Structure formats: C-alpha cells, structure tokens
Amino acid sequence: MPMTATRFTRSSTRLMSVVRSSRCARHGAGAVVSFSLTKILPGNHHWSPLMRMLVLGAGLQGSACAFDLLNEPAVSDVTIADVHVGALPPFLQQRADARLHPIALDVRDEAAVRAAFSRCDSVLSAIPYYFNASLARLAVECGVHFADLGGNTRIVQEQKQLHEAARVKGISIIPDTGLAPGMVNVIAQHGIDQFDTVEAVKLFVGGLPQAPEPPLGYQIAYSIEGMVDYYTTPSLVVRDGQPATVSALSELESVTFGDGVGTLEAFHTAGGLSTMVYRYAGKIPVMEYKTLRYPGHAAIMRAIRDLGLLDTAEVDVKGQRVSPRDVFVKVAGDHLRKGKPDLVALRVTVTGRREGRRETRAWEVVDRYDAEHGISAMMRTTGYTLSITGQLQAAGAIAPGVHTPDEILPATRYFDMLASRGIAVREVRSAH
C-alpha cells in the first residue's frame with residue numbers, strides 16, 4: 001500500500017550554537033573540554049579572530065579547497081598536507097601567500113597526524129573516503145573540527161557513532177560535504193523545509209565537459225575509479241517510504257536545463273542521497289538521486305558493464321592474470337583525461353503540499369570552469385563547499401556532534417557563501 005506523506009514544520013530561522021572549544025594542543029588528546037553555548041540568528045557573522053585550517057590531500061579538490069580558504073581574511077593559516085608534496089597547481093603557486101604551508105604527511109602515521117591536528121582548528125579531508133573514519137576519531141580525541149568529502153554511506157554511519165564524544169568535546173564532525181553528497185543534500189533539505197507534507201524528492205547532479213566528444217560525451221571530473229564504482233553499485237532510494245535498491249544506470253529519463261546546457265539524460269547511481277535514505281524512511285514516499293550525462297552515455301556504459309569489462313575478478317589473458325576493470329580504468333582513463341573546460345549541472349525537485357496546495361518546486365545550480373584561475377567547475381562546487389563547511393565549523397557556527405550537511409548547515413547562510421563565490425542556487429519554477 002502506498003504510504004502517505006508526513007507533515008513537516010517549516011522554519012524561517014534556524015538557531016545555531018556558537019562553541020568556543022579548547023584544542024588538543026592546549027589540553028591534551030584526552031581532555032574533556034568545557035564550552036559555552038549562545039544563540040545566533042541566521043545572517044550574523046561571528047567569525048573567530050583567527051582560523052587555522054588543515055587540508056588533507058593536495059589533489060584537485062584539496063587544492064581548490066585551500067585556494068578558497070586563502071580568499072578568507074579570517075583564515076590565518078592554511079596547511080595543505082599530502083603523502084607526496086609535489087608542485088602545487090598554478091592557481092596556488094601564483095598566489096605566493098605566506099599563510100599557505102605545504103607539508104608531507106602520511107595519514108596512516110597516527111603520531112604525525114596527531115601533531116598536525118594539534119596545530120589547527122579545523123581539518124578538511126579531501127583524500128579517499130576509507131581514511132575518514134579513523135581520521136574523524138583522531139579529530140575528536142584532539143578536539144578539532146573535521147569535515148570530509150565522504151561518498152561512502154557505511155563510513156558515514158561509522159562516524160555517526162562518534163556523536164556523543166564529539167558533543168562532549170565541543171567539536172563538530174561533518175562527513176559528505178562535497179557536491180553530491182553535500183551541496184545537493186543541503187538544497188534538498190531546504191526544499192523539504194518549504195512544504196507541510198512531502199511526496200517526492202529527486203536529486204540530479206552531473207559533471208560534464210562543456211564541449212562533449214564521442215563516444216561517451218564525458219571527461220574525468222573526479223576519478224574514473226569512482227565513476228566505475230558508481231556505475232556498478234546498486235543505488236539506494238526510498239520507494240513507498242522504505243529504503244530500496246535499484247540497479248545503477250537504470251530508469252533513464254531526460255532533464256532539460258537552460259543556460260546553454262540543453263537536454264541531458266539521468267540515471268541511478270549510488271551514494272548521492274547519503275543517510276537521507278534512512279532519515280526519511282517512513283516519512284517521504286519517494287526519494288532518489290540520479291547522475292546527469294549527455295544523451296547516449298548510459299547505453300554505452302551499460303553495454304560495457306554487461307560485457308564484463310567492469311568486473312573486478314581477474315581473468316587469464318595470455319598467461320597473465322588481469323582484472324577487466326583495471327584494464328578499462330587504465331585504457332579509458334587515458335582517453336578521458338582531457339582537462340578541457342567543464343560544467344556542473346544540478347537540480348533538486350520537491351513535490352508536496354504547502355498551505356493546502358499541491359506544488360512541485362525546483363532549485364538549480366549551473367556552474368562553469370573558471371578560466372581566470374584554471375579551476376574546474378567540479379573543483380569549485382566540491383572543494384569550495386568543503387572550505388565553506390570548515391569555515392563555518394571554525395567560526396563556531398555549527399552545533400557540536402556528528403551531522404551530515406543536510407542535518408546541520410544553515411541553508412540561507414550557506415547559499416549566500418556559495419553566491420559570493422559565483423555559485424548561484426536558484427529556484428527555477430513553482431508549479432501547482
């Protein structure tokens with residue numbers, strides 16, 4: 001039997017807590033920190049006099065995060081750490097900013113990680129998701145805020161177990177703070193908050209080349225390994241109010257954007273809903289996330305997958321054991337690393353009832369490559385989002401504990417901070 005929608009309470013203001021917490025460097029890793037709570041109305045800016053930020057990972061997203069942090073005068077120090085510190089991208093090198101400090105750091109070295117954490121207020125992780133559970137635990141022990149790009153719901157659920165310890169220490173842990181999951185979930189929550197009852201929430205996100213080339217109409221925006229994982233992992237959705245799984249690359253539909261983007265295709269992939277699947281089980285009948293690509297992409301990738309070319313099990317080829325997926329990642333990756341101007345397209349639609357009327361409302365983001373600085377749209381919408389989250393944490397604008405972005409980030413302030421970077425969240429239609 002189809003479920004009915006649950007009533008939601010709209011709120012025009014969100015009260016956040018200001019936390020002034022002591023740090024690991026001053027009290028030791030095991031100290032219980034006392035803190036005071038005051039109330040802030042949205043829009044007020046209670047920046048700390050100095051914010052010391054540690055970015056883990058000097059790749060595309062970590063470098064973009066560091067670049068954005070350096071644009072904030074209240075940030076006094078940006079340490080960017082990687083296991084191999086090579087040449088930073090030109091947009092960081094050209095700044096010659098004395099606040100930027102590259103260091104070599106292996107996150108598997110707990111003593112070195114503790115030492116690095118002791119010298120910062122917030123840690124921003126732009127490294128693979130499988131490190132984030134242990135890093136979040138160390139952040140709690142050291143009394144520093146922690147945010148990461150996430151992407152693996154099981155790891156997020158593990159981090160959630162740190163909630164009470166983080167609350168006692170007066171620090172916040174925010175996983176899944178990239179684009180998807182991340183920004184799109186904050187927009188979805190904002191949409192849900194506009195309704196009395198909600199029937200359906202649909203999220204669409206895609207990173208695309210501005211000038212697509214055959215056969216896939218795609219270039220690597222994040223990592224080809226991640227793309228392959230998304231195309232082979234069942235996607236969690238909410239159907240009839242309950243968590244369910246659907247096949248990746250399935251249930252194709254067309255989505256049309258303005259701003260010169262045109263008509264795209266959308267299909268299921270894993271991870272974008274994060275823990276919203278469980279939080280809204282039994283409350284919202286339909287919730288789903290789909291990836292956006294240029295038309296024709298899904299059919300080609302389904303054929304590649306169904307032929308076994310994305311399988312991980314090794315096969316014998318002329319006496320050598322090889323993984324079909326490894327071969328595909330290597331060969332296709334060399335063709336898809338084009339580095340040409342990209343764009344990010346995002347849409348969230350929410351259908352429900354508000355003040356007695358049934359409505360569908362939609363919000364969009366279309367962002368493009370920053371030619372002036374050589375920063376891709378994917379880096380802007382992912383790395384800058386991580387930076388914004390860390391700044392809100394270091395400023396004391398986030399209540400202590402472990403929360404996903406949709407649970408805790410103040411939407412209006414968050415959207416304003418995105419807009420100041422040229423990333424506009426726009427409501428594009430309201431239908432009755």
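Suppose the filter is within 23 Å of the chain's Cα centre (by Cα), of a type in the set (S, T, Y) and either assigned to a helix (DSSP H, G or I) or over 26 Å from N152 (Cβ atoms) (or both); does Y231 pass it?
When the stated conditions are applied, Y231 passes them.
Out of all the residues in the stretch 237-252, is one or more closer than 30 Å to A58 by Cβ and not polar (S, T, N, Q)?
No, the conditions are met nowhere in the stretch 237-252.
With a cut-off of at least 2 residues that are at pLDDT below 80, name the helices (runs of 4 or more DSSP H) lying wholly within the stretch 1-118.
24-27
Mind checking which residues of the stretch 331-350 are crowded, with 21+ Cβ neighbours inside 10 Å and either polar (S, T, N, Q) or closer than 24 Å to P209 by Cβ (or both)?
D342, L343, V344, A345, L346, R347, V348
Quick check on this structure: which one of I375, I408, I398, I423 is at pLDDT 95 or above and farther than 26 Å from F195 by Cα?
Criteria check complete, one pass: I375.
Do you know which of the residues in the stretch 162-190 that are touching a strand residue (DSSP E or B) at 6+ places or on another chain (Cβ under 8 Å) and surrounded by fewer than 22 Cβ atoms within 10 Å (Cβ to Cβ) is farthest from A133 (Cα to Cα)?
Going through the qualifying residues, I end up with H190.
Considering only residues that are buried (at least 20 other Cβ atoms within 10 Å of the Cβ), hydroxyl-bearing (S, T, Y) and at pLDDT 95 or above, which ones fall in the stretch 119-158?
S122, S125
Would it be correct to say that K290 is outside any loop (DSSP other than H, G, I, E, B), basic (K, R) and touching a His at 6+ places or on another chain (Cβ under 9 Å)?
yes
What number goes with the only condition from (1) crowded, with 23+ Cβ neighbours inside 10 Å; (2) part of a loop (DSSP other than H, G, I, E, B) that R421 does not pass?
So R421 meets the others, but not (1).
Filter the stretch 242-272 down to residues that are within 23 Å of Q157 (Cα to Cα) and surrounded by fewer than 20 Cβ atoms within 10 Å (Cβ to Cβ), then give me how many there are.
Number satisfying all stated conditions: 6.
With T412, T381 as the choices, which residue is surrounded by fewer than 19 Cβ atoms within 10 Å (Cβ to Cβ), among the polar types (S, T, N, Q) and either within 17 Å of D176 (Cα to Cα) or not assigned by TED's automatic domain parsing to the domain that holds F91 (or both)?
Residue meeting the stated conditions: T412.
Any idea which of L105, L56, L92 is within 23 Å of A397 (Cα to Cα) and among the aliphatic types (A, V, I, L, M)?
Of L105, L56, L92, the one residue that is within 23 Å of A397 (Cα to Cα) and among the aliphatic types (A, V, I, L, M) is L56.
The values are calculated or read from the model by the stated rules, or taken from the named source; none is laboratory data. As the structure is a computational prediction, the values presented were derived from the model and not from experiment. Every residue, glycine as well, gets a Cβ built from its backbone with ideal geometry; the counts of neighbours run over all protein chains shown.
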